[in-house]
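Enquirer: Please find one structure pasted underneath; my questions will follow.
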Amino acid sequence: DAWSTQGWLHFLDSLPPTLTVEQLAQLDEAYGFTGTDNGEIAMRWYPLTVRSGYTQANEALAEFTARVGRRKLIMPIYTALVQTEPGLALARQIFETARPGYHPITTGSVEALIAGAKPAPAPVAPAATDAAADEKPAPAN
């Protein structure tokens, strides 16, 4: 028997705030969350993919967010997107495309969220390890 929407929502709501890309890929392959037409599932799945760095879902996320203007369903996605610089750039791109189809209240909510965003900078790889920095040069013979 297939799960009801409520069963899937319970499942998604009980997942940790982030998962590995590999775990998300396995879930996506098994259950096909990316590209779902179910807004309740999408509003839970896409923020999880954003928080976890699962960029394989970005195209479907953008299409869903641009197509569906219901504030309840898209604000969790925009909220997750504006947390990082790359996500904020994607949020702006989606909003520019979707804005004409959004209700004025939704438009105002997304505008305010984007305007007030304070995204975390993109992660920077460390220049050197502490161990390498503490090593002394070998004496010359």
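Enquirer: Test of understanding: among THR49, THR97, THR84, THR107, which residue is under 23 Å from LEU9 (Cα atoms) and among the hydroxyl-bearing types (Ser, Thr, Tyr)?
Expert: From the options THR49, THR97, THR84, THR107, the qualifying one is THR49.
Enquirer: Are there any helices (runs of 4 or more DSSP H) wholly within the stretch 32-126 with 3 or more residues that are of a type outside the set (D, E, K, R), touching a Lys or Arg at 6+ places or on another chain (Cβ under 9 Å) and at positive phi, and if so which?
Expert: none
Enquirer: Which residues, taken from the stretch 92-108, are crowded, with 17+ Cβ neighbours inside 10 Å and in contact (Cβ under 8 Å) with a residue 24 or more places away in the chain? So that I can check it myself, show each step before the final result.
Expert: Within the stretch 92-108, the subset crowded, with 17+ Cβ neighbours inside 10 Å is 94-95, 98, 102, 106-107.
If the condition is that a residue be crowded, with 17+ Cβ neighbours inside 10 Å and in contact (Cβ under 8 Å) with a residue 24 or more places away in the chain, then ILE94, ALA98, TYR102, THR106 are the ones that fit.
Enquirer: Within the stretch 1-28, can you find the residues that are open to solvent by 60 Å² or more (accessible area, probe 1.4 Å) and aromatic (Phe, Trp, Tyr)?
Expert: Selection gives TRP3 alone.
Enquirer: Let me ask something else about it. Condition check: under 21 Å from VAL21 (Cα atoms), at pLDDT below 95 and either open to solvent by less than 90 Å² (accessible area, probe 1.4 Å) or among the polar types (S, T, N, Q) (or both). Does THR79 satisfy that?
Expert: no
Enquirer: Taking TYR31 as the residue in question, decide whether it is of a type in the set (Phe, Trp, Tyr) and open to solvent by less than 90 Å² (accessible area, probe 1.4 Å).
Expert: no
Enquirer: Separate question: Is it the case that the stretch 120-141 has a residue that's in contact with a strand residue (DSSP E or B) (Cβ under 6 Å, 6 or more places away or on another chain) and at pLDDT below 95?
Expert: Within the stretch 120-141, one or more residues are in contact with a strand residue (DSSP E or B) (Cβ under 6 Å, 6 or more places away or on another chain) and at pLDDT below 95.
The values are calculated or read from the model by the stated rules, or taken from the named source; none is laboratory data. Just so it is clear, the structure is predicted and the values come from calculations on it, not from any experiment. Glycine also receives a Cβ, built like all others from the backbone with ideal geometry; neighbour counts cover every protein chain displayed. Protein only, heavy atoms only, side chains kept; ligands, DNA and RNA dropped before computing areas. Shrake-Rupley method; radii C 1.70, N 1.55, O 1.52, S 1.80 Å.
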